[in-house]
Amino acid sequence: MTDQLRIDGARLWRRIMDMAEIGATPGGGSCRVALTEEDAEGRALLCRWCEGLGLRITKDRMGNIFARRPGTDGDRDPVAFGSHLDTQPHGGRFDGVFGVLAGLEVIETLSDQDVQTRAPLELCVWSNEEGARFAPPMLASGVFAGSYELDFALSRTDNDGVTLDQALEQIGARGERVCGDHRLAAFIEPHIEQGPILEREGLKVGVVTGVQGSRWFRVSFTGQDAHTGATPMPGRRDALVGAARFVVAMQELALAQAPHAVATIGHIDNQPNSHNTIPGHVTVTVDMRHPDAEVLDAMEAELRSAAETLAAGENLEHGIERIANTPPVHFAEPCVQALDAAAHACGYAYRRLISGAGHDACHIARVAPTAMIFVPCAGGLSHNEAESAEQEDLTAGANVLLQAIIRLANS
Ligand code: HGY
Ligand code: MN
Ligand code: MN
Ligand code: MN
């Protein structure tokens, strides 16, 4: 009976460690920023593993990778699963990678046991999930799901002015398929929680019912470059002072919406960034999140009013550009219930929860019944080289994926 089927946790762990060798950082993490040579190497390693399992690989115009295992009923839409391989600059070894390699491990286990499924299976690797180089995040899964136009996505530039399309070209990642040219019967994304809940409750797995909403902004403050020695304090137009007050205001804005709101200034560009010139132009990025869209609306209004007031206080001009708006997502109950049933079949204690982090599943949920599986990570820490997870928990997450796929692909 396939209910007893389990994956090979040691093989999954070895592959995660092999992938972590690519872009390995001195602090024990991974740096495979989207569409760089390191990302290309990681994608190539995954494709070699897929080819070794006889999967048919295709890529679409955004470089999303699809590795398909045929089903006995080829007319059915594929049951899909996967995540991303690109990382933050100081990323960990598990964010994204676990979801991709758990999917590969499930396919290999089914092949080892010669278990066929009625629906085809499709392992998905979504490009440019992190948004660390090309914002907004989850861009390629967003194009697949129709959240973004292809031309908009291809024209995004990094800090050096390289477009995403040029980067795809540079690493040979551009595929032929039209983005979103095929339907998925379901999509499951296994991922580390990147938060503290599962570890705190001593649980191996979580069934994710949704994802909080997130909005990204680029806020600029413009004053006047001037001499730091000869310019009296009164009358300065110091853009960095305005930006600094704004950073604190963003923290206060999130604390005022406790306990769920978060707001972070992750990037600052200070020009001309010279010891003895008063900064005339500063740009910061804001990442704000909350499970409730109306609260996000209120937070955005507060952001706009704070930028205006604080800029005026320092006699600065200011600009605000919203660069991402991913609404809160509620996953499809039938998909969530398939994960409930899978966790029960594996005998794992688990809980349902929503995700604080954004995922490709946020967009795919627009075009297919979608849900996620979480496993704990140490201290809930992620987007940090010290990110770590236990083989036992990763194995449990992949077993839940295996049992869910068997249910979804044979229903
Ligand atoms: O931003 C996010 O939540 C995801 O890690 N890209
Ligand atoms: Mn991720
Ligand atoms: Mn991430
Ligand atoms: Mn993700």
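Each row is one residue, and each column tells you yes or no for (1) surrounded by 17 or more Cβ atoms within 10 Å (Cβ to Cβ); (2) within 16 Å of ligand 4 (Cβ to nearest atom).
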{"residue": "Asp114", "(1), (2)": "no, no"}
{"residue": "Arg118", "(1), (2)": "no, no"}
{"residue": "Glu122", "(1), (2)": "yes, no"}
{"residue": "Glu130", "(1), (2)": "yes, yes"}
{"residue": "Gly142", "(1), (2)": "yes, yes"}
{"residue": "Glu149", "(1), (2)": "no, no"}
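As an exercise: evaluate Asn270 against (1) assigned by TED's automatic domain parsing to the domain that holds Gln224; (2) under 24 Å from Tyr148 (Cβ atoms); (3) surrounded by fewer than 18 Cβ atoms within 10 Å (Cβ to Cβ) and give the number of the one condition it does not meet. Failing condition for Asn270: (2). Reported count of residues in the stretch 90-109, each being small (Gly, Ala, Ser) and within 17 Å of Val205 (Cα to Cα), is 4.
Of all residues in the stretch 205-212, one or more are among the small types (Gly, Ala, Ser), modelled with pLDDT of 95 or more and open to solvent by less than 10 Å² (accessible area, probe 1.4 Å). Would you please name the residue that is nearest to ligand 4 (Cβ to nearest atom), looking only at residues in the stretch 284-305 that are in contact with a helix residue (DSSP H, G or I) (Cβ under 8 Å, 6 or more places away or on another chain) and open to solvent by 20 Å² or more (accessible area, probe 1.4 Å)? Step by step, filter the stretch 284-305, then rank; the result is Arg289. When the helices (runs of 4 or more DSSP H) confined to the stretch 126-215 are screened for residues that are of a type outside the set (A, V, I, L, M, F, W, C) and under 16 Å from the mean Cα position of the chain (by Cα), those reaching at least 1 such residues are found at 139-145. Counting only residues that are touching a residue at least 12 places away in the same chain (Cβ under 8 Å) and either within 16 Å of ligand 3 (Cβ to nearest atom) or exposed (fewer than 15 other Cβ atoms within 10 Å of the Cβ) (or both), the stretch 163-195 holds 13 of them. The single condition among (1) within 16 Å of ligand 3 (Cβ to nearest atom); (2) open to solvent by 10 Å² or more (accessible area, probe 1.4 Å) that Asp39 does not satisfy is (2). Taking the numbered list (1) aromatic (Phe, Trp, Tyr); (2) more than 15 Å from ligand 4 (Cβ to nearest atom); (3) in a strand (DSSP E or B) in turn, Phe374 passes all entries but (2).
If you filter the stretch 1-25 down to residues that are part of a loop (DSSP other than H, G, I, E, B) and either modelled with pLDDT of 95 or more or within 20 Å of the chain's Cα centre (by Cα) (or both), you find that the one that is farthest from Cys47 (Cα to Cα) is Leu5. Say whether the condition of being within 15 Å of ligand 2 (Cβ to nearest atom) and open to solvent by 60 Å² or more (accessible area, probe 1.4 Å) is met by at least one residue in the stretch 331-345. No, every residue in the stretch 331-345 fails to be within 15 Å of ligand 2 (Cβ to nearest atom) and open to solvent by 60 Å² or more (accessible area, probe 1.4 Å). Residue-level check: of (1) away from ligand 4 (no atom under 16 Å from the Cβ); (2) part of a strand (DSSP E or B), Glu108 misses just (2).
Among residues belonging to the stretch 88-108 that are of a type in the set (Val, Ile, Thr) and more than 16 Å from ligand 3 (Cβ to nearest atom), point out the one that is nearest to Gln403 (Cα to Cα). Looking at residues that are of a type in the set (Val, Ile, Thr) and more than 16 Å from ligand 3 (Cβ to nearest atom), I get Val106. Screening Arg93, Arg76 for residues that are assigned to a loop (DSSP other than H, G, I, E, B), under 18 Å from the mean Cα position of the chain (by Cα) and of a type in the set (Lys, Arg) leaves exactly one candidate, Arg93. Filtering Arg118, Arg76, Arg133 for residues that are within 16 Å of ligand 3 (Cβ to nearest atom), out of contact with any strand residue (DSSP E or B) (no Cβ under 9 Å at 6 or more places or on another chain) and over 14 Å from His359 (Cα atoms) leaves a single hit, Arg133. Put simply, of Gly379, Gly397 the only residue that is open to solvent by 10 Å² or more (accessible area, probe 1.4 Å), touching a helix residue (DSSP H, G or I) at 6+ places or on another chain (Cβ under 9 Å) and part of a helix (DSSP H, G or I) is Gly379. Answer yes or no as to whether Val367 is in a helix (DSSP H, G or I) and outside the structural domain of Ala249 (by TED's automatic domain parsing). Here the answer is no, as Val367 does not meet what is asked. Would you be able to say whether some residue in the stretch 371-378 is within 21 Å of the chain's Cα centre (by Cα) and over 23 Å from Ala80 (Cα atoms)? Yes, some residue in the stretch 371-378 is within 21 Å of the chain's Cα centre (by Cα) and over 23 Å from Ala80 (Cα atoms). Residues in the stretch 187-231 that are among the aliphatic types (A, V, I, L, M) and more than 23 Å from Ala338 (Cα to Cα): Val219, Ala226, Ala230.
The values are calculated or read from the model by the stated rules, or taken from the named source; none is laboratory data. Just so it is clear, the model here is predicted, and its values are computed rather than measured. With ideal geometry, Cβ positions are generated from the backbone for all residues, glycine too; neighbour counts draw on all protein chains shown. Please note that ligands, DNA and RNA were not included when accessible areas were found on the heavy atoms of the full protein model with its side chains. Shrake-Rupley method; radii C 1.70, N 1.55, O 1.52, S 1.80 Å.
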